[in-house]
Amino acid sequence: MSAASPVIERGTAASRIAGFGVAIIILLLAVAPQFLSAGAVDRMTALFIYVILAAMWNALAGFGGLVSVGQQVFFGLGAYFAIRLANAGLNPFVSLFASAVIVGAVSWPISLFMLRLKNGEFAIGMWVIAALTHLLVNLDRLIQGETGTSLISLNVYDASTRRVAIYWLALASMTALLAILFGLLRGSTGAAIRAIRDNEDAAASIGVRVTGTKRLLFVLAAFGIGVAGALWLATSITFQPKTYFSVQWTAYMIFMVLVGGIGTFEGAILGALLFFIIETWFGGTGVWYLIGLGATALIFSLLLPRGLWGTLEERFGWRLLSVGYRVRLPVNASDTTGGTPSPAQVTTSREKA
Amino acid sequence: MSNQIVQGILLGGYYALIACGLSFMFSVMRIINLAHGSLAVLSAFALWLLASRFHIPPFLGLLIVLPLMAVIGGALQRFLLERSARGGALLPILTTFGLAIVIDNVLFEQFGANTRSLAPFIGSLSYDSWEWPGSIYVGKLAVIIFITAVVLLGGLQLFLTRTGLGRSIRATSEDPDTAGLVGVDAQRANAVAAAIAMVTVGLAGAFLGMRATFDPYAGATQLLFAFEAAVIGGAGSLWGTLVGGIVLALAQTLGAKIHPQGFLIGGHVAFLIVLFIRLYTSGLGLRGLLRFSTGKVS
Amino acid sequence: MSLLSVEDLVVRHGLLQAVRGVTFGIERGETLALVGANGAGKTTLLRAIAGAHQAASGRVGFDGADLSGMPSHERVRKGIALVPEGRRLFVQMTVEENLLLGRAGGRPGDWSVDKVLDTFPNLKPRRHAKAGHLSGGEQQATAIGRALMSNPDLLLLDEVSLGLSPLVVDRVYASLQGLISSGTTIILVEQDLNRALSVSNKVICMLEGRIVLAGDSKSVSRDEVTKAYFGLHRKAAGGVPA
């Protein structure tokens, strides 16, 4: 080993610039409704919800190593509890967030049980939970089975106020949830999360609280997806269990995260953006659009499992929002084995988050 | 009541049929194929197409569809599962889920949203029944399905324990590297296993179409049934799948008796209860609830 | 021509080079002992010959054919069988089933379950027992028998005495002696230097992925081998940079 020691950096110049950029983007988004048409405001609200969904599924799968195909359960419950709370007389806007808190609370006992399952068993076990919850919600007389009901109390607000209010709520929720996730990944939990992602058994053996950390991500994801479900209800007013408990939501989440880059903070956001654009362009083509989504997810998982962002990051060493440390090895440090390291070897020794 | 129990047990045969391919594939390749149900529905649609368009009765159509399913299975393993399994345990879940979405929507694109059934093409078999003592009526089709399940499970067991290919598959499932070192072509063993699994899926799809209706999105439900039956049956032997199927069917029957909407709920609840008991009594980490040892239970 | 010829073979585990340019050959009927400290690359070398690891560069030739890129199961068909370190039996399967698996490659020859049981009489009563329930010695015999069932021209034995009591090791080696005298070509990795030298006619000592000593088992002195083993010999062997 040569004398040159590794340099440890936290963030890069690019990531500091990106930090400012993010603040400016959020500000611009906050004032945007002034300049946007009603339809555009609705679409932007949908985009924020997609970002939430992608980021939350990514938190679970990309960071917690828990692939679930039943996350629609929390989306549906977010909407359902909001209906229930509003029906009980709570202000509909307050209901949206109270509902998400309840979803988070409900996810806790579920996690006690489901986190003992592994990989495919967890994935499909969550689907069973979603199917069962859907059936149970159908039994609620208020919901009237698949007929569904509406968040009528929201109708007391006039349409344009309602639209902008929901837009801001969605923007604020997205920002807050991303900030929470970012904080988690950057803090001491982040180190645990990355350790688990890279090697669960090794992480456990050095004392990382694997189950506790996974549970935290599970509950966070449930809460976030609950927020998304409640917001979706607020934009569409009507609640039909079939639409909300549809596995399609999870399919969207998987698509966004796979394409954007699983296990990268930025990748999920990029994936949501791409999904939003694709939906805007091709959503009208109906079933071919869905076939395209499935096929794209399939192809990405086979050929580009790190997704777009993951691949770019690997190729160019890009990092905008720094969630961890990076270790730069001096060029000769890895030369002890006698082989000449390719540039790729030097950059791969950086922390990947 | 005893009538319903008999019907429940017979229905369990169908669940065992659809579950055995899923758990077989899991035990050999450690992959849960999320496109399992969709592939069964694909087989049902293929038979429906043969029957309605070309007037080939479903039982004859199986002669075309089952070899096709075997080919699909081999190709699936070769081009999809093997590739994605190299990327870790999570990737195959995503790959097969993507595949399920593609299959479901292609079927929808081709056949529309209408529910279909193979019942019109099998003549009186769809409603014929025998009267058993105690004025219990059992459908001939239900009995055929049950017997098929038993024969299939038994045949699979014999194949795995008594033939060289079966041993190769078991060796590959236990330790693919060492299997290669003793001369087993692990790739081929996996492809054969996937082909066999898909043949069972094709059969299950046929019976799904004969005993009930199906539509392009029916795959998800079938997948859940298969998974639940396989997990309830547990880590015993292939026969555990049969027990799992029967328990699932009886729970559904019981659920339907309690509440008109209770059929599916009963099944899901039974699954969760069994899972709960299993997780908290065994104490072990439970790597692979689905795994079964294909040899004699020791 | 050599039965097996290894030329400048390099095998990597990720960034780590476990075998760094190894060249040697073995003739039909010879017994080669491969010695060296833990981590010297012996097991990796054997596994690379058997096809469990693919070489980063270099060449493995066998019986006139180039084995580069050939998967392990095809090498079994060519006549190479490995008894892996730690036996690696299929524990869910019976002794007989394990042995029958050795025939998966389908090479013709006269090894059969009965012949293996005659060679290792202690296995006879255990024929239908699960491999996971066997004693260490019985497991080792099954593992060797499983390799023999493929009727190999070259048998690779990786630490067959590991974890066995001396008495059992004696018995295993007595059986091996029979194989050797019947003309089977063998490469064996063995920690016990005396045993390695007594059973073999050629010896190779590895250190940090390279061959530091190669010679005739009868002519090379125990002292020389020991020195090579601990790296005190490498100057003499030449070409090994510090």
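Every read-out reported here was derived from the displayed coordinates using simple, explicitly stated rules and does not represent laboratory data. From a predicted model like this one, the values you see are computed outputs, not experimental measurements. Note that each Cβ is placed from the backbone with ideal geometry, even for glycine, and that neighbours are counted across all protein chains shown.
Could you tell me whether region C:141-202 comes out rounded, prolate or oblate from its Cα gyration tensor? Rule is a ≥ b ≥ c as square roots of the eigenvalues, rounded for a/c under 1.5, then prolate if a/b exceeds b/c, otherwise oblate. In terms of gyration-tensor shape, oblate.
Computed from the C-beta positions of A:Val156 and A:Phe316, the FRET efficiency with R₀ = 60 Å rounds to 0.70. Calculated over chain C, the projected area of the Cα convex hull averaged across directions stands at 12.7 nm².
Residue order for B:Asp177, C:Asp110, B:Asp215, fewest other beta carbons within 10 angstrom first, comes to C:Asp110, B:Asp177, B:Asp215. The H on the amide N of C:Gly25, modeled in the peptide plane, is under 5 Å from the matching H of C:Val6, each at least 5 residues off or on a different chain.
For chain B, would you read off the P(r) tail past 27 Å as a percentage of all alpha carbon pairs? For chain B, the share of Cα pairs beyond 27 Å comes to 40 percent. Panel order for B:Ile273, A:Ile254, A:Ile166, by other beta carbons found within 10 Å of each beta carbon, from fewest to most: B:Ile273, A:Ile166, A:Ile254. Taking Cα centre as origin and charging only the Cβ of basic (Lys, Arg, +1) and acidic (Asp, Glu, -1) residues, the dipole magnitude of region B:2-219 rounds to 240 debye.
For region B:1-110, applying the loop criterion from DSSP together with a ceiling of 12 other beta carbons within 10 Å to the trypsin sites (Lys or Arg not before Pro) yields B:Arg86. Once the other residues with Cβ under 13 Å from the Cβ of C:Thr31 are scored (Lys, Arg +1; Asp, Glu -1), what is the net sum? Every neighbour counted, the sum reads 0. The H on the amide N of C:Leu188, modeled in the peptide plane, is under 5 Å from the matching H of C:Leu32, C:Ala33, C:Leu34, C:Leu157, each at least 5 residues off or on a different chain. Secondary-structure-derived ellipticity at 222 nm for chain A, considering helices only, amounts to -22500 deg cm²/dmol, per-run term -39500 (n - 2.57) for DSSP H runs with n ≥ 4. Between B:Glu109 and C:Glu27, the modelled label-to-label distance comes to 6.8 nm, taking each label 7 Å out from Cα in the direction of the beta carbon. Hull volume per residue, based on the alpha-carbon atoms of chain A and their convex hull, is 145 Å³.
Could you check the simple spin-label distance between A:Glu200 and C:Arg195, using points 7 Å along Cα→Cβ, in nm with one decimal? Each label point lies 7 Å from its Cα, and together they span 4.0 nm. A cut-off of 5 Å between modelled amide H atoms, ignoring neighbours fewer than 5 places along the same chain, links C:Ser217 with C:Lys202, C:Val203. Farthest towards the positive end of the charge dipole of the protein assembly as shown, among the residues A:Phe255, A:Ala192, A:Gly76, is the Cα of A:Ala192, using unit charges on the Cβ of Lys, Arg, Asp and Glu. The string of couplings for region C:217-232 from the Karplus curve (6.51, -1.76, 1.60, θ = phi - 60°) is 4, 7, 8, 6, 8, 4, 5, 4, 4, 4, 4, 4, 4, 9, x, 7 Hz, one whole number per residue in order, with x for Gly and Pro.
Applied to region C:13-30, the Karplus parametrisation 6.51 cos²θ - 1.76 cosθ + 1.60 on θ = phi - 60° returns per-residue 3J(HN,Hα) values of 10, x, 8, 7, 8, 8, 10, 10, x, 9, 10, 6, x, 9, 8, 3, x, 7 Hz, with x for Gly and Pro. Potential lengthening of the chain between C:Ser2 and C:Asp114 amounts to 37.1 nm, from the contour at 0.36 nm per residue minus the alpha-carbon distance. Taking a ≥ b ≥ c as the square roots of the eigenvalues of the Cα gyration tensor, the protein assembly as shown is classed as oblate, since a/c reaches at least 1.5 and a/b does not exceed b/c. Its DSSP H runs of at least 4 residues, each contributing -39,500 (n - 2.57), put the calculated 222 nm mean residue ellipticity of chain B at -24000 deg cm²/dmol, to the nearest 500.
In region A:7-348, a dipole from Cβ-located charges (positive for Lys and Arg, negative for Asp and Glu) runs towards its positive end, and of A:Ile52, A:Leu112, A:His134 it is A:Leu112 whose Cα lies farthest in that direction.
Beyond 24 Å, how much of the Cα-Cα pair distribution for region B:8-110 remains, as a whole percent? Tail fraction, whole percent: 29. An ellipsoid equivalent to region C:72-196, defined through the eigenvalues of its Cα gyration tensor, has semi-axes of 19, 18, 13 Å when rounded to whole angstrom and sorted largest first. Could you give the C-alpha radius of gyration of region B:179-253 expressed as a fraction of 2.2 N^0.38 Å, taking N as the number of residues it contains? In units of the globular-protein estimate, region B:179-253 measures up at 1.37. The calculated FRET efficiency for B:Gln261 paired with A:Ile277, based on their beta-carbon distance and R0 = 41 Å, is about 0.55.
For the protein assembly as shown, give me the percentage of DSSP beta bridges that are antiparallel, rounded to the nearest 5 percent. Of those bridges, close to 65 percent are antiparallel. Listed from fewest to most Cβ neighbours within 10 Å, the set A:His134, C:His128, C:His53 follows the order C:His128, C:His53, A:His134. Take the Cβ-Cβ distance between A:Ser236 and A:Ala23 as r, set R0 to 41 Å, and report the resulting FRET efficiency rounded to the nearest 0.05. Step by step, r from the Cβ atoms, then E = 0.85. Between A:Trp288 and B:Ile277, the distance separating the two model label sites (each 7 Å from Cα on the Cα→Cβ line) works out to 5.2 nm. Applying the Karplus relation 6.51 cos²θ - 1.76 cosθ + 1.60 with θ = phi - 60° to region B:208-216 yields 3J(HN,Hα) values of 4, x, 7, 8, 8, 10, 9, 9, x Hz, where x marks Gly and Pro. In this structure, the pairs whose alpha-carbon distance is over 27 Å, taken from C:Lys42/C:Lys218; A:Lys118/C:Lys42; C:Lys78/C:Lys115, are A:Lys118/C:Lys42.
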